[in-house]
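Read-outs throughout are calculated quantities, based only on the coordinates presented, and are distinct from any laboratory measurement. A quick note: this is a predicted structure, and the numbers were derived from the prediction, not measured. Here the Cβ positions follow ideal geometry from the backbone for every residue, glycine too, while neighbour counts run over all protein chains shown.
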Amino acid sequence: MRSKRFEKLAERPVNKETFILPWHEAGLINVSSPKDPQPSIKIVDGIVTEIDGVPRDEFDLVDHFIARRAINIVTAERAMDMPSVEIARMLADINISRDKILELVSGCTPAKLVDIALNMNVLEMMMGLSKMRARRTPANQAHVTNRKESPALLAADSAEAALRGFDEIETTIAVSRYAPLNALAILVGSQTSRGGVLTQCAVEETTNLRLGFKGLTSYSETLSVYGTENTFYDGDDTPWSKMFLTAVYASRGVKTRHTSGTGSEALMGHSEGKSMLYLEARCLLVTRGCGSQGTQNGSISCIALPEALPGGVRTVLAENLIAAMLGLEVASGNDALASHSEIRKSAKLMLQFIPGTDFITSGYGAIPRYDNMFGGGNFDVTELDDWYVLQRDMQIDGGIVPVREDEVLRVRELGARAIQAVFKSLEFEPISEAEVRAAITAFSSQDMPDRNRISDIESAMRLLGGSLTVIDVIKALENSGYHDIAANVFEMQRQRAIGDYLQPSAIFDKDFRVKSALTDPNDYCGPGTGYRVEGERWLALQNLSQAWDPRTYLEKIVTQDESPWFEELGPAQPGNRPEVVIALSPTFGAQIRQSLGGLNLREVLISVLNSIQEEGIPSRIVRVFHTSDVAFIGHCGAQLSGSGVAIGIQTKGTTVIHHRDLAPLENLELFPQAPNLNLDNYSQIGRNAARYALEKQTSPVAVKIDNTVRLRLIVQTALLQRFEAKHIEPDRQPVELRMI
């Protein structure tokens, strides 16, 4: 017997989500892990000798960096001695200025920052965020991407996004080698309807720097920071290298934000049992210590992980508030798809929408969710009217403005024709008249003609690696009659030389005047106590019937079958002939024999091997022990391959085709959504790798994109990655395998 009401409730979108019980050992806890330290600091002769109970001789690299670069020792002892609840009340008190709080909080340790935030309920945090936001005027950032990486569509969509009032536009790529063309397209498009819109292309850091040096981008938020030492190592960086990169960008007039957010350490298997909010507080102090203007935080692409646990949305708001308390510009998430439920999605947004942040979303999808290459997007072009009505209903500036259809069509055509002229002048693969006409009225890339992708990649590599710079783009626009766009692009370069928009929280108004924390400081100031959910009531509210214990997942999938799939042949040696190396992660086919998408990993491997053999080139299998990151697994295999080409495969099924001449975080092709891969896809991956090894022209493998897969499987992904990370053997060299 079943209740029909419960049957109907089970069909609600919110019950498609994943809900789990906390498990602090795996970092699957938002706040107050038993392993979180208590606030403390000791300073001897001007040197920090203890942070949050950890003495200096036990500091990890994050502790060292925070101690040296991120704590104001002048205010530290006063701030740390003050009860956290008093500072929390100051945040919500309209009679205490932002500047006074900034000075005080500059001496706080990570645990103290968390303790302050946890004394506040959601309403009080929103009041604090409203006061602590760096810039008086809220703004918004747009995502502009498309699956076909059509330059005409990118330029048209960027022109429309700028017209709608977005002050920053960010793009990314499906195939990394397209980055220069995508950066070029949104630069030209963004300056079409008004000047001063900042742009970036989110790619691997080396490429990102080169784009900035060539004048094709004006800001970057790709500098990821982490809260534990091992996560930094897996991320191929340290706080000091991030600080150096920040300085490099600034030296070329490129604005920088770092990226962090609750959940990344747990997702990568290196949480050390600490809570997500405590680790994020460490990230934010690292960000400030690096001299970054601000942070892109709010859990970002990990959002489904904190939301699977009690208090997730409150935790995300707390991390936004802590960032603002540290004086950082805050691009407050709301970008990655956060929920199946429209109610839940909108409720989360209100925590940043109502108080306002420097950038209310760190990427509103100014394109359809189908075309959003950042993981689907929490809000997209079909929801713009809803956003406008919310602004109108609440008398709130959400960073974008209503526009007329005829205005949109005009600027879309202008942007598409301007990029067409630039491509013609630079002798790139031409943009046809049919592409321009389609881009003017297109809803998505499905409305666009296909392009010669191989030729486009050749053009992109010429732009990135040759002598072409933004000066050539300006000349092309000017000589083609697009004088206003040329002038705007030129002014962006002049502003980079002036450097005023390297001030904290800087954007441009329509006249290229900088609005920042210095020229447009937040002057808001607003009470105190009230009802708080705690104790037994809180326990009852968080104990959902559909929440499952994450400990049971690995018990179900770890193989109990003792018969091995592989024989180890000894240390893997570099090859001396054309071949493809298939590099496997530590547990692939050993402890775990099924991918995240439910495929038998033996069948996956056979599909890859057979397709390589059909192309007439040999292959070898190696197992990599020192890392669980698919990029580094593939890169390691490429160093061993006689042809320099390798396929890296994680236990989850995530796959990459790599080449030894590329940086670890670059690649020939990446297949990050393992649940969407089938055996035919793996056969195509093997075939493409063989063709790369034979130096044949190769079109990238087309795979299904499912933007809800993260919502459904992010917890399982984190658990698998944690399991894989536990089996890393840092000092063990790769071994060659033979299938039995």
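Quick notes on this one:
- For CYS201, the amide hydrogen comes within under 5 Å of the amide hydrogens of THR171, counting only partners 5 or more places away or on other chains and with H modelled in the peptide plane.
- For the chain: span of alpha carbons on each principal axis (Å, largest first): 76, 70, 68
- Take each peptide in 666-676, 560-570, 178-188, count the other Cβ atoms within 10 Å of every residue, and average; sorted highest first, the result is 178-188, 666-676, 560-570.
- Computed packing ranks the peptides 16-28, 448-460, 647-659 as 647-659, 16-28, 448-460, most packed first, by mean other Cβ atoms within 10 Å.
- Efficiency of FRET between TRP240 and TYR524 - r from beta-carbon atoms, R0 35 angstrom, step 0.05: 0.45
- For segment 73-205, averaging the sequence separation of C-alpha pairs within contact (under 8 Å, six or more residues apart) and dividing by the residue count gives a relative contact order of 20 percent.
- Sparse-neighbourhood loop sites, trypsin sites (Lys or Arg not before Pro) in segment 396-437 - DSSP loop, at most 14 other Cβ within 10 angstrom: ARG404
- With both labels modelled 7 Å from their Cα along Cα-to-Cβ, the THR552 to LYS510 distance reads 5.9 nm.
- Within segment 553-739, DSSP assigns beta bridges of which about 65% are antiparallel (rounded to the nearest 5).
- Listed by chain and number, the aspartates and glutamates whose C-alpha is less than 13 Å from the C-alpha of LYS475, apart from same-chain residues fewer than 8 away, are ASP484.
- Sorting LEU601, LEU384, LEU211 by the number of Cβ atoms found within 10 Å of their own Cβ, with the fewest placed first, yields LEU384, LEU601, LEU211.
- Amide H contacts under 5 Å for VAL580, placed H, 5+ residues apart: SER619, ARG620
- A straight Cα-to-Cα reach below 27 Å connects LYS515 with the lysines LYS100, LYS131, LYS214, LYS242, LYS255, residues fewer than 8 places away in its own chain not being considered.
- Relative packing of peptides 263-276, 38-51, 294-307, 58-71 - highest average C-beta neighbours within 10 Å first: 294-307, 263-276, 58-71, 38-51
- All Cα pairs of segment 553-739, percent lying beyond 19 Å: 54
- Pairwise Cα distances in segment 326-388 exceed 18 Å in 32 percent of cases.
- Contour excess over end-to-end distance, with Cα ends at VAL14 and ASN72 and 0.36 nm allotted per residue: 16.5 nm
- Placed amide H near SER224: partners under 5 Å, 5+ positions off or other chain: THR259
- Each residue of segment 699-712 was assigned a 3J(HN,Hα) from its phi angle through the Karplus curve 6.51 cos²θ - 1.76 cosθ + 1.60 (θ = phi - 60°); the sequence is 8, x, 5, 8, 10, 5, 10, 10, 6, 9, 5, 5, 4, 6 Hz, with glycine and proline shown as x.
- The HN-Hα couplings worked out from phi for segment 504-511 by the Karplus form 6.51 cos²θ - 1.76 cosθ + 1.60 (θ = phi - 60°) are x, 6, 8, 9, 10, 8, 5, 9 Hz, whole numbers, x standing for Gly and Pro.
- Set LYS274/LYS348; LYS112/LYS726; LYS8/LYS345; LYS16/LYS348; LYS42/LYS112 screened for pairs whose C-alpha atoms are more than 22 Å apart: LYS274/LYS348; LYS112/LYS726
- Per-residue 3J(HN,Hα) values for segment 471-486, derived from phi via the Karplus relation 6.51 cos²θ - 1.76 cosθ + 1.60 with θ = phi - 60°, read 4, 5, 5, 4, 4, 4, 5, 5, 5, 8, x, 8, 5, 5, 5, 4 Hz in sequence order (x marks Gly and Pro).
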